[in-house]
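The values are calculated or read from the model by the stated rules, or taken from the named source; none is laboratory data. Remember, predicted model here, so these are calculated numbers, not experimental data. Here the Cβ positions follow ideal geometry from the backbone for every residue, glycine too, while neighbour counts run over all protein chains shown. Only protein heavy atoms, including side chains, enter the accessible area calculation; ligands, DNA and RNA are left aside. Shrake-Rupley method; radii C 1.70, N 1.55, O 1.52, S 1.80 Å.
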Amino acid sequence: MSFWTFLSVWLTVNVVTTLAVRRAGALGLYRPGMWITMVWITPIVGPFMALLTLIQFHRHHREATRQSSRADHHELHDDHPDDPPATDLTLPSGQVLSLAEGLGEANGFPLLKWRWVDTALAELDDAERPTARTACQRLWLTHLRHLLGPHFRLIETEDAFVLSSLEDVSQRAIAGYITQTRKRVSQLLAGLAEFPAEGKSILIVMDDEAAYYQYVSIYYPTEGEFAFSSGMFIDAGCPHFVVCRDELARIEPVIAHELTHSALAHLSLPLWLDEGIAVNTERRIAGLPPSPHTPFELHAMHGRFWNDERIQEFWSGDSFRRTDDGNLLSYALARVLVEQTAADWPAFANFVRHARRDDAGEAAARQHLGIDLGASAAAVTGQLGATGWAPRLTAPVS
């Protein structure tokens with residue numbers, strides 16, 4: 001093959017692959033720019049890896065679309081979009097429940113006082129309560145959609161509500177992805193995952209960072225510095241998760257991560273364990289995200305950062321809220337600790353079931369895994385000589 005023939009074939013393959021990656025990016029392929037870069041800077045290997053990724057992505061996308069198409073999903077419309085949504089619910093029994101007293105407002109967003117709702121629903125029988133709570137979720141989301149504007153749409157499926165301004169095909173695909181991901185989380189966390197019996201998974205996709213942070217700040221403490229995020233699971237009365245629209249490619253990993261939190265919420269785990277399981281589950285479902293650091297660099301960062309004082313922040317959960325490298329390193333340390341201790345799944349599952357927040361899981365780790373958490377953390381961070389790293393929580397952990 002002559003040089004010019006080779007060059008022509010190389011350019012054709014790269015251009016065709018680049019166009020295919022860009023089209024997949026519009027459908028939600030994770031980091032399309034990274035794959036396009038690989039195509040052009042790594043001859044043969046780059047296009048080959050990108051094509052394999054495209055095949056897997058389209059297989060997954062078709063399955064998500066089929067899941068959504070099979071689901072009994074429907075869009076909830078405002079019959080009179082200029083009028084405030086109703087505040088009364090008619091239950092299957094015919095009872096009318098007025099939620100006007102339970103509707104409030106925070107940062108300009110409508111909120112239901114879920115403790116008030118729980119009290120109002122407590123008198124219902126066990127068979128009617130789940131349906132009534134789902135109706136309360138639907139009413140709250142209808143009020144939120146009304147506030148966000150007519151370009152927002154609310155879709156309901158058997159498993160989920162999705163509120164966003166995304167295009168119809170994208171919103172239906174995400175609804176299908178939630179159903180598929182719930183099943184994957186249940187399979188991967190066999191014996192641990194338990195989605196709330198009352199109500200559905202709720203995903204709210206905000207249009208921009210301003211709206212996202214205005215909403216999630218409702219659930220922040222009144223003072224302090226907080227790390228940036230692109231998604232958050234909120235377990236306050238009505239479990240739901242919120243993401244910033246930004247790029248569609250970022251939504252699916254966030255869904256996998258936050259659905260894991262939702263499935264584990266009933267266990268009230270120490271934060272490091274909750275996040276470690278969520279990160280590992282996300283990586284198994286959505287793939288490995290590109291890292292700004294090599295494993296060698298990350299190991300060196302662990303060695304420089306962690307000490308006797310900061311490791312206690314890790315056990316209490318405070319280090320996950322840092323705005324410096326401590327945030328990244330906390331998630332990385334939690335991921336590795338879970339990855340290493342979960343090799344024996346029955347023993348790990350027993351550990352998770354018995355892990356308590358008040359000692360960061362130390363007693364359960366000794367009983368069910370036969371390990372010292374402090375020594376394990378010291379080994380992971382390359383500080384084998386460190387002592388006194390076991391959790392020493394001096395105040396209740398919320």
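Quick notes
- Among the residues of region 181-208, the ones that are closer than 27 Å to Gly276 by Cβ and at pLDDT below 90 come to 6 in all.
- When Asp79 is tested against (1) open to solvent by 90 Å² or more (accessible area, probe 1.4 Å); (2) at pLDDT 75 or above; (3) charged (D, E, K, R), exactly one condition is not met: (2).
- Test: Thr65 is among the polar types (S, T, N, Q), open to solvent by less than 90 Å² (accessible area, probe 1.4 Å), under 25 Å from the mean Cα position of the chain (by Cα) and modelled with pLDDT of 65 or more: no
- Subset of region 335-362 [among the polar types (S, T, N, Q) and open to solvent by 90 Å² or more (accessible area, probe 1.4 Å)]: Gln340
- The one condition from (1) part of a helix (DSSP H, G or I); (2) within 25 Å of the chain's Cα centre (by Cα) that Met301 does not meet is (2).
- Selection status of Leu19, at pLDDT 80 or above, open to solvent by 40 Å² or more (accessible area, probe 1.4 Å) and either within 26 Å of Leu288 (Cβ to Cβ) or in contact with a Cys (Cβ under 6 Å, 6 or more places away or on another chain) (or both): yes
- So Glu297, is it more than 26 Å from Ser164 (Cα to Cα), at pLDDT below 95 and surrounded by fewer than 17 Cβ atoms within 10 Å (Cβ to Cβ): yes
- Scope region 363-389; condition open to solvent by 20 Å² or more (accessible area, probe 1.4 Å) and within 21 Å of Ser268 (Cβ to Cβ); matching residues: Ala363, Arg366, Gln367, His368, Leu369
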